[in-house]
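Student: My questions will all concern the structure given below.
Quick note: the coordinates plus some simple rules give every number you see, no bench work behind them. Treat the numbers as computed from the prediction; the structure is a model and nothing was measured. Cβ: placed from backbone, ideal geometry, glycine included. Neighbour counts: every protein chain shown.
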Amino acid sequence: MKTLISTVSLLCVVMFNHSASAQAPRKTAASAGRAAFIEVESNVRLHVTDLGEGKPIILIHGWPLNDAMYEYQYQYFVQKGFRVIGISLRGFGKSDRPFGRYDFDVFSDDIKVVMEKLKINDALLGGFSMGGAVVLHYMDKYKGA
């Protein structure tokens, strides 16, 4: 009988602790209520970190990183009154890895689609390492659009 009472008590404690500590899914700071993924073409989604309000700054990561590399810069720019957007290029981070080309033309096209879907007209673009080259290619291909 003692064993049965101990077992039931233990089960009650475990069940109570589990339900008390269980959390409903919450929005991460990275999404701040905005879409965390943007579809740039059929069945190809890019992970996007979109924080803050104000003039937008778009950050493109270097190889082989992703948009998480800017975790400290996100907070800095948000505190300074900017909207900061980090894009993980296809094949990197949480973004999809479709079969096909992975070159500066494709990356530039993806950035253009993200900007259009987020309705961004006037942004500062920045990139680290390979991301810098992608930004330069974007600016050349789309004439600074």
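Student: Of all trypsin sites (Lys or Arg not before Pro) in region 52-145, which ones are in loop regions per DSSP and have a Cβ with at most 14 other Cβ atoms within 10 Å?
Tutor: Lys80, Arg101, Lys119, Lys143
Student: Separate question: Quick one: which residues, 5 or more positions from Phe37 or on another chain, have an amide H under 5 Å from its amide H? H modelled 1.01 Å from N in the peptide plane, none for Pro or chain starts.
Tutor: Amide H to amide H, under 5 Å and 5 or more residues apart or across chains, Phe37 pairs with Val48.
Student: Could I ask something else about it? For the pairs Lys117/Lys143; Lys55/Lys141; Lys94/Lys143, flag any whose C-alpha to C-alpha distance is greater than 25 Å.
Tutor: As for pairs spanning more than 25 Å Cα to Cα, those are Lys94/Lys143.
Student: Separate question: Let's see if you can work this out: charge +1 on each Lys and Arg Cβ, -1 on each Asp and Glu Cβ, no other charges. What is the dipole magnitude of region 24-145 about its Cα centre, in debye to the nearest 20?
Tutor: 320 debye
Student: If you don't mind, another one. Please give the FRET efficiency for Gln75 paired with Phe104, using the beta carbon to beta carbon distance and R0 = 35 Å, rounded to the nearest 0.05. Working shown, then result.
Tutor: Details: r = 29 Å, r/R0 = 0.84.
After rounding to 0.05, the efficiency reads 0.75.
Student: Oh, and also: Calculate one ³J(HN,Hα) per residue across region 119-134 by plugging θ = phi - 60° into the Karplus curve 6.51 cos²θ - 1.76 cosθ + 1.60, and present them in order as whole Hz with x for glycine and proline.
Tutor: Working through the residues one at a time gives 6, 9, 9, 9, 10, 8, 10, x, x, 10, 6, 4, x, x, 5, 5 Hz.
Student: Once the dipole of region 84-145 is set up with Lys and Arg at +1 and Asp and Glu at -1 on Cβ about the Cα centre, which of Phe104, Ala133, Gly91 lies farthest towards its positive end?
Tutor: Farthest towards the positive end: Gly91.
Student: A further question follows. Within a Cβ distance under 14 Å of Phe107, other residues only, what is the Lys/Arg minus Asp/Glu net charge?
Tutor: -3
Student: Let's see if you can work this out: charge +1 on each Lys and Arg Cβ, -1 on each Asp and Glu Cβ, no other charges. What is the dipole magnitude of region 91-145 about its Cα centre, in debye to the nearest 20?
Tutor: Dipole size: approximately 120 debye.
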